[in-house]
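Structure record follows, encoded as structure tokens.
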Amino acid sequence: MSSEELLNKYDPFLLGSGNYPTEMSAILVLLTIHDQVRPLAQAIGEIFEESFGEQPDQQELTTLATNLLLCEDSCEL
């Protein structure tokens, strides 16, 4: 699964998968900056907070960041 596919399935506020195009584009950029789970998860949370006024669950963010970094190691962005 690619990073984009993983992000398209992520639906933290139950709006329907694929309904976060701005946030997902920003997260893909973060993958070029961060290579550790905690800073990436924090940065992803900040993107959602800026857009929605709240962050997804911290465990969800950590899981997403972990999976994205694992995919980045084995997948092409």
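The values are calculated or read from the model by the stated rules, or taken from the named source; none is laboratory data. What you see is a predicted model, and the numbers here were worked out from it, not measured in a lab. Backbone-built Cβ (ideal geometry, glycine too); neighbour counts: all protein chains shown. For accessibility, only protein heavy atoms count, side chains too; no ligands or nucleic acids. Shrake-Rupley method; radii C 1.70, N 1.55, O 1.52, S 1.80 Å.
Here are a few things to note about the model shown:
- Selected from 15, 61, 40 as most flexible by GNM, with the chain as the system and alpha-carbon contacts under 10 Å: 15
- The alpha-carbon atoms of the chain define a convex hull whose volume equals 75 cubic angstrom per residue.
- For residue 49 and residue 1, the FRET efficiency from 1/(1 + (r/R0)^6), where r spans their Cβ atoms and R0 equals 30 Å, is about 0.70.
- Relative contact order [Cα under 8 Å, 6+ residues apart], the chain, whole percent: 37
- The range 23-65: relative contact order in percent, alpha carbon pairs under 8 Å with at least 6 residues between: 40
- GNM remark for the chain: springs join alpha carbons under 10 Å apart, and the peak mean-square fluctuation among 16, 53, 45 falls on 53.
- Comparing 50, 60, 23 in a Gaussian network model of the chain (Cα springs below 10 Å), the most mobile by mean-square fluctuation is 50.
- Helix-only [θ]222 nm of the chain, DSSP H runs n ≥ 4, -39500 (n - 2.57) each, per residue, nearest 500: -20500 deg cm²/dmol
- Accessible area per residue, Å², the chain with all protein chains present, probe 1.4 Å: 61
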